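What follows is one structure encoded as structure tokens, with my remarks underneath.
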Amino acid sequence: MGPNLTINVQEHTGDVDYTIVKFTGEFDKAGHNEVQDELSECVKNFSGKYLVFDFTNLRFINSEGIGYLIEVHTHLVQRDRKLIIVGPNAHIADVFKTIGIAEVVEVRPSLSEFLKEI
């Protein structure tokens, strides 16, 4: 059986520095444990303006994953940086809307839409 969650980190430099973290799988307790060290290092060492979590291939997120998003958001805001979430599926977008995440963290329908704006 494969991992519940994988991430792929892509750093971009230019006029605006940003890093994209592409998530694939399920962001639950097991998934978070699988990527926790790599993800924590990415967030801790992030020095660009925008940290983009690409959820295009994320099938599920639970309360632990959502709690982690709030932690990352808070950490970045304290360093004058911003968390952006792109590409959530309909279910995840509904969860974000219901619990109010979209009012705290910027959520965009796609990576291309976000990139047009920066």
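The values are calculated or read from the model by the stated rules, or taken from the named source; none is laboratory data. Here the structure is a predicted model, which is why all the values come from computation and not from measurement. As a convention, Cβ positions derive from the backbone with ideal geometry for all residues, glycine included, and neighbour counts pool all protein chains shown.
Odds and ends about this structure:
- Qualifying position, being modelled with pLDDT of 95 or more and either under 20 Å from Asp15 (Cβ atoms) or buried (at least 16 other Cβ atoms within 10 Å of the Cβ) (or both), among Val105, Val77: Val105
- Applying a threshold of 8 Å to beta carbon distances and a minimum spacing of six or more residues, or different chains, the list of pairs starting in the stretch 101-113 at a residue that is under 17 Å from Asn57 (Cβ atoms) and ending at one that is of a type in the set (Val, Ile, Thr) and surrounded by fewer than 16 Cβ atoms within 10 Å (Cβ to Cβ) reads Ser110/Thr56; Leu111/Thr56.
- Residues that are of a type in the set (Val, Ile, Thr), within 25 Å of Glu117 (Cα to Cα) and touching a helix residue (DSSP H, G or I) at 6+ places or on another chain (Cβ under 8 Å), drawn from the stretch 67-103: Ile70, Val72, Ile84, Ile85, Val86, Val95, Ile101
- Test: residue in the stretch 45-57 that is part of a helix (DSSP H, G or I) and either in contact (Cβ under 8 Å) with a residue 24 or more places away in the chain or of a type in the set (D, E, K, R) (or both): no
- Which numbered condition Cys42 misses (of (1) outside any helix (DSSP H, G or I); (2) surrounded by 13 or more Cβ atoms within 10 Å (Cβ to Cβ)): (1)
- Test: residue in the stretch 67-79 that is in contact with a Gly (Cβ under 7 Å, 6 or more places away or on another chain), of a type outside the set (A, V, I, L, M, F, W, C) and touching a residue at least 24 places away in the same chain (Cβ under 8 Å): no
- Here is the figure for the stretch 38-90: residues that are among the basic types (Lys, Arg) and closer than 21 Å to Thr24 by Cβ total 1.
- Residues of the stretch 87-118 satisfying the condition of being of a type in the set (Val, Ile, Thr), farther than 17 Å from Val43 by Cα and outside any helix (DSSP H, G or I): Val107, Ile118
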